[in-house]
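Below is one structure, written out as structure tokens; the observations come after it.
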Amino acid sequence: MNGKLYLVATPIGNLEDMTLRAIRILKEVDFIAAEDTRNTLKLLNHFEIKKPLISNHRHNEEEREEYLINKLKEGKDIAIVSDAGTPGISDPGEVIVKRAVEENIEVIPIPGACAAVNALIASGLDTKEFVFMGFLPLNKKLRKEKLEEIENENKTIIIYEAPHKIKETLKDLKQIIEERKVVLAREITKIHEEFIRGNIDEIIQKSEQLKGEMILLIEGNMDENEENILNNLSLEEHYKIYEKQGLEKKEIIKKIAKDRGVNKNEIYKHFV
Ligand code: SAM
């Protein structure tokens with residue numbers, strides 16, 4: 001019988017966030033595949049877990065795939081852990097999970113800390129819908145495309161960033177997000193945890209000397225939101241909105257046509 005593949009979340013700073021289930025699973029599996037075995041060893045020592053470790057990082061993830069799949073097929077249970085947080089979220093995990101699913105191997109998530117989700121829930125921005133973008137690409141063309149996506153995105157956006165690149169990223173964002181709200185979530189679950197909120201200029205100003213792990217969250221583009229909301233209204237509902245603002249029929253028709261990106265004669269015909 002095949003073994004099971006566990007994806008075990010580990011703390012993102014505060015060791016108290018290690019779950020009881022995560023400790024039990026790490027004690028029960030046959031071995032642990034870790035992003036950095038030295039880091040994980042410290043965690044295992046803290047929780048008195050003795051288990052063989054093998055490395056599974058970004059640069060050997062694909063060649064490790066075959067080895068891990070063979071072990072799973074031999075019936076071994078394996079836990080994947082990253083340096084911090086949830087495996088597979090901007091961390092190794094995705095490659096082996098895709099292959100395990102293809103091979104009908106059971107994949108079991110062991111929930112725990114994830115920096116993105118915790119930054120989002122405390123941000124004060126909309127949480128109903130959001131877009132996780134991970135790290136922005138460094139390649140110029142891909143980065144430009146991603147920035148255009150951010151410019152038009154109407155949902156809350158979450159971006160991971162390395163501390164030494166935050167300045168550059170904020171500078172790029174300044175070109176496109178104008179007055180949208182920004183939150184910089186720093187050192188979540190650690191002693192210096194803080195959430196800096198403001199517009200992009202305020203964030204740039206306040207983040208000048210900051211160190212530590214950071215996440216940027218950006219409010220969705222409200223112009224896009226408004227456009228979507230208006231497009232989902234019936235023409236009558238759309239009309240009423242402007243009527244309530246005291247506008248004349250001719251003006252209202254012009255505005256509706258503009259909102260919906262159609263010719264004003266089309267709207268006019270509807271209201272004759
Ligand atoms: N898999 C991890 C997770 O579940 O969040 C993310 C790993 S990714 C390689 C590392 C990035 O996550 C950092 O550059 C930072 O943007 C974010 N991050 C991780 N821990 C954090 C923390 N304690 N506070 C703020 N951001 C954190």
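Which peptide among 77-86, 162-171 comes first, and what is the full order, when sorted by highest mean count of other Cβ atoms within 10 Å?
So the order, starting with the most tightly packed, is 77-86, 162-171.
Return the distance in nm (one decimal) between the two label points of a simple spin-label model at Glu148 and Glu178, each offset 7 Å from Cα along Cα→Cβ.
1.9 nm
Ratio of the stretch 47-98's C-alpha Rg to 2.2 N^0.38 Å, to two decimals?
Working: Rg = 11.3 Å, N = 52, 2.2 N^0.38 = 9.9 Å.
Normalised Cα radius of gyration, the stretch 47-98: 1.15.
Cα axis of helix 61-73 to longest principal axis of the chain: angle in degrees, 0 to 90, nearest 10?
Approximately 60 degrees, to the nearest ten.
Take the chain, connect every pair of alpha-carbon atoms lying under 10 Å apart with a spring to form a Gaussian network, then pick out the residue of Tyr160, Tyr239, Tyr67 with the largest mean-square fluctuation.
It is Tyr239.
How large are Rg and Dmax for the stretch 123-175 when calculated on the C-alpha trace, in angstrom?
Calculated on Cα positions, Rg and Dmax stand at 11.3, 32 Å.
What is the Cα coordinate range of the chain on the first, second and third principal axes, sorted by size from largest, in whole angstrom?
Result for the chain: principal-axis Cα extents of 77, 47, 36 Å.
Highest first, please rank the peptides 141-147, 231-237 by the mean number of other Cβ atoms sitting within 10 Å of their residues.
141-147, 231-237
Specify whether the C-alpha gyration tensor of the stretch 196-272 places it in the rounded, prolate or oblate class, a ≥ b ≥ c being the square roots of the eigenvalues: rounded for a/c under 1.5, otherwise prolate if a/b is larger than b/c and oblate if not.
It is prolate, given that a/c is not under 1.5 and a/b is the larger ratio.
Computed FRET efficiency, Cβ-Cβ of Lys128 and Lys264, R0 41 Å: what is it to the nearest 0.05?
It comes to 0.75.
Pull up the cross-link candidates among the lysines for Lys255, meaning alpha carbon to alpha carbon under 26 Å and not fewer than 8 places away within one chain.
Within the straight-line cut-off, Lys255 pairs with Lys155, Lys240, Lys244, Lys264, Lys269.
Measuring from centroid to centroid over Cα atoms, what is the spacing of the stretch 230-267 and the stretch 152-191 in Å?
Using only Cα atoms, the two centres lie 36 Å from each other.
How big is the antiparallel share of DSSP beta bridges in the chain, given as a percent to the nearest 5?
On the way: 16 of 35 bridges.
Of all bridge pairs located within the chain, approximately 45 percent are antiparallel.
Using only alpha carbons, build the gyration tensor for the stretch 116-220 and give me the equivalent ellipsoid semi-axes, biggest first, whole Å. Spell out each step's value before the answer.
Numbers: eigenvalues 72, 51, 34 Å².
After scaling each eigenvalue by five and taking roots: 19, 16, 13 Å.
List the pairs from Lys73/Lys146; Lys42/Lys171; Lys42/Lys76; Lys4/Lys144; Lys50/Lys190 whose alpha-carbon separation is above 29 Å, in the order I gave them.
Lys73/Lys146; Lys42/Lys171; Lys4/Lys144
In straight Cα distance, which aspartates and glutamates are under 15 Å from Lys211, not counting same-chain residues fewer than 8 positions off?
Glu161, Glu168, Glu187, Glu193, Glu194
Every number in this text was worked out from the coordinates using simple rules, so none of it is lab data. These numbers were taken from a predicted model, which means no experiment stands behind them. Heads up, the Cβs are rebuilt from the backbone with ideal geometry, glycines too, and the neighbour counts pull from every protein chain shown.
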